[in-house]
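This report refers to the structure that appears directly beneath it.
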Amino acid sequence: MTDGTPTSGEEGTISMFTVFFTIIVFLLAGLLVDGGLAIHARQRAADIAEEAARAGANNIDIKTLRAGGKVQIIEDGPNGTTCAKAKTLINAYTANIIASTCDTPAGANRVDVTVTISAPLQFLSIVPNFQSFVMTGKASAQPQTGN
């Protein structure tokens, strides 16, 4: 006797498949969107670090240049003008900058800058203790002569 109800034992199989498929699609979309945001944040950190290093490298010693033609960065002393220029440029950005460092190694004639950015997640923030990516960009710049 059949009353029209299935008796194969597969009741609800499609519903379970739909639930799992939806979760997988959501996770893949999260990886796509949030992965793109992470790549963008890393690129942004590197761009800001490069520009800040260039800004610091523009702080050259004019007297040394005029006296002998040598291009030399003014190493940071008590006033810290070279790194102050780099930090001023970094502070002008509205990115989620959580840390930055600047250094003018003695005798190296260059400026080293590191910028760390936090990129908040859009989809994958539902995962506990996983709210943002932290990306770091590093750059060095030194003055060049126009030969």
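Throughout, read-outs are computed from the coordinates displayed, never taken from laboratory work. These numbers were taken from a predicted model, which means no experiment stands behind them. No Cβ is skipped: glycine too gets one built from the backbone with ideal geometry, and neighbour counts run over all protein chains shown.
Residue pairs whose Cβ atoms lie under 8 Å apart, sitting 6 or more positions apart in sequence or on different chains, and linking a residue in segment 121-147 that is over 23 Å from R110 (Cβ atoms) to a partner that is among the acidic types (D, E), are L121/D34; Q122/D34; F123/D34; L124/D34; F133/D34.
Yes/no per residue for (1) surrounded by 13 or more Cβ atoms within 10 Å (Cβ to Cβ); (2) over 22 Å from the mean Cα position of the chain (by Cα); (3) among the aliphatic types (A, V, I, L, M):
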| site | (1), (2), (3) |
| --- | --- |
| H40 | yes, no, no |
| R54 | yes, no, no |
| D61 | yes, yes, no |
| R66 | no, yes, no |
| V71 | yes, yes, yes |
| A84 | yes, no, yes |
| K87 | yes, no, no |
| S100 | yes, no, no |
| Q122 | no, no, no |
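Being assigned to a strand (DSSP E or B), under 24 Å from A38 (Cβ atoms) and out of contact with any helix residue (DSSP H, G or I) (no Cβ under 8 Å at 6 or more places or on another chain) holds for only one residue in A139, A99, and it is A99. Restricting S132, S118 to residues that are closer than 30 Å to I23 by Cα, under 21 Å from the mean Cα position of the chain (by Cα) and surrounded by fewer than 17 Cβ atoms within 10 Å (Cβ to Cβ) narrows the list to S118.
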